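**Student:** Pasting a structure here, questions to come.
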């Protein structure tokens with residue numbers, strides 16, 4: 001594989017450093033700790049679940065109120081402040097005496113842990129021409145691996161130390177270390193020049209207009225949202241489905257193995273991102289096909305362990321499609337890239353919440369099969385959107401070819417008559 005090239009003036013190793021920015025994992029590492037938190041703080045499982053909810057709500061809020069700031073430059077300062085607040089919130093959480101303090105600390109750290117979504121549009125601007133997909137894939141791989149490994153590491157630390165607090169202490173230390181390194185590689189000013197004169201409220205007010213004015217954003221948002229909703233429904237319901245089928249013990253033993261396998265393999269399609277070579281539409285088509293096969297396997301495989309393993313592996317093909325979606329929207333005006341990413345990521349998380357909620361309701365009321373059909377319905381919406389987009393592109397291309405051919409015919413005829 002050839003080395004990833006960047007534009008002139010970018011410090012060597014910047015993309016590699018960005019790929020290690022795993023602060024996004026801070027919204028996931030609490031998930032395997034909820035039972036430990038409930039026991040340690042003497043609260044119910046439902047009360048402990050507030051911690052995970054606070055993390056999701058905080059991250060969604062951070063996407064909307066913080067990510068647009070990347071279009072106002074001063075990225076080095078922003079990254080330093082966010083990492084410092086995140087580290088302090090993690091330390092507060094580690095020392096929290098009650099579920100209220102822990103939930104508040106988790107909410108705060110999740111609001112400020114959106115730094116990876118500031119990095120994405122920055123990386124796109126730093127990459128050399130024709131390598132934006134590879135750059136986004138490299139950073140996306142690091143973020144995905146961080147999110148996957150954080151669950152395993154936090155659970156292992158809790159097992160080894162006998163307390164959930166170890167996970168928070170470890171995350172605080174890792175974030176503090178990142179604070180010493182990452183800001184040095186962040187540009188002082190945004191690579192695309194920024195729009196420092198635009199007020200913060202105007203930045204936020206401009207978000208809805210982006211949806212109307214950018215067809216590439218609408219397409220990417222629909223494709224990303226439908227795929228994320230489908231797999232959010234699957235992830236939210238799988239544990240309940242397995243417990244209903246009395247597979248809980250076997251699933252518990254298999255979890256560490258599956259996490260390690262996913263950590264090794266999930267990044268491969270991202271690193272080999274075909275977006276730069278074949279274009280986002282082709283990668284999205286492959287991703288939708290992979291996701292569709294996944295849910296067919298879930299539908300006809302029943303409770304087979306093999307079916308679940310095959311389905312999960314195929315499902316991660318959609319991760320590379322996310323890179324294609326972001327590559328597409330980052331072809332828009334450079335000064336809008338952070339806000340374009342804001343709308344896109346918000347669409348993902350909102351759809352994920354909707355997919356999970358509907359999936360849980362369907363599972364309880366009608367069972368696993370109906371939930372699978374829900375996922376297939378979401379994917380069908382995405383496939384329809386991509387099909388309509390492709391048809392419109394072909395029509396536009398045909399019209400352009402006709403226009404280009406027209407003058408040649410018009411010029412040729414008089415010449416023939418005159419001869």
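**Student:** Arrange 43, 212 by Cβ neighbour counts within 10 Å, fewest through most, would you? Before the final figure, lay out each step's value.
**Tutor:** Values: 43 18, 212 9.
Ranking 43, 212 by Cβ neighbours within 10 Å, fewest first, gives 212, 43.
**Student:** Could you let me know the centre-to-centre spacing of region 61-76 and region 210-224, using Cα atoms, in angstrom?
**Tutor:** Measuring centre to centre over Cα atoms gives 20 Å.
Bear in mind that the values in this text are calculations on the coordinates, not laboratory data. Everything numeric in this text was worked out from a predicted model, so none of it was measured. Every residue, glycine among them, receives a Cβ derived from its backbone with ideal geometry; neighbour counts consider all protein chains shown.
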